[in-house]
Amino acid sequence: MEMLIVVAIIAILIAIAIPTFASSLNKARVATDEANIRSGYAAVMTEILTDEAHNVEGSTTGTAPATFTLKKDGTVSTTAGDDAYTTQGKPSDNVEIAGKSVNKWEKGQKVTYTYHYDTNTIDIAVGAASSTPDVSTGK
């Protein structure tokens, strides 16, 4: 009988510990995502400031926005490929990154940055490449 009580107590402690551990693990993954997104933002800024093709003062490309995708190695590229970074965690609310509000995301989504020549600003999007919501799915 004593052995059953000890096993029951251990089972209760495990039932309490597993959700706490899972929550802590998700928080760590979200923190990693935030750091990677922030790093990608800095990479976009560097790309815009150093590359003549994206430099506003020396540009002849017009005002069409430039879109960059975050890659696994922390760099950014104007072409999306198989080496795109995908998010690892799932935040419970919107996140503030580099002074921008980033909508909460799901695990496994890609990160894109859109540079607007006319306003000289960068938008951060996680998930779908398009910023237009899909009415049929509500996303």
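At a glance:
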{"item": "Considering residues of region 84-99 that are of a type in the set (D, E, K, R) and loosely packed, with under 15 Cβ neighbours inside 10 Å only, the residue farthest from Arg29 (Cα to Cα)", "result": "Glu96"}
{"item": "Number of the condition not met by Gly108 [criteria: (1) buried (at least 17 other Cβ atoms within 10 Å of the Cβ); (2) part of a loop (DSSP other than H, G, I, E, B)]", "result": "(1)"}
{"item": "Selection count, region 117-135, where residues are at pLDDT below 60 and surrounded by 10 or more Cβ atoms within 10 Å (Cβ to Cβ)", "result": "4"}
{"item": "Ser23 being in a loop (DSSP other than H, G, I, E, B), of a type outside the set (Phe, Trp, Tyr), surrounded by 10 or more Cβ atoms within 10 Å (Cβ to Cβ) and modelled with pLDDT under 95", "result": "no"}
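Okay, residues lined up against (1) farther than 11 Å from Val111 by Cβ; (2) at pLDDT below 85; (3) over 17 Å from the mean Cα position of the chain (by Cα):
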site: Ser39; (1), (2), (3): no, no, no
site: Thr46; (1), (2), (3): yes, no, yes
site: Val56; (1), (2), (3): yes, yes, yes
site: Thr61; (1), (2), (3): yes, yes, yes
site: Phe68; (1), (2), (3): no, no, no
site: Ser77; (1), (2), (3): yes, no, no
site: Asp83; (1), (2), (3): yes, no, no
site: Thr87; (1), (2), (3): no, no, no
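The values are calculated or read from the model by the stated rules, or taken from the named source; none is laboratory data. Given the structure is predicted, the values throughout are model-derived calculations rather than measurements. Note that we place each Cβ from the backbone using ideal geometry, even for glycine, and neighbour counts take in every protein chain shown.
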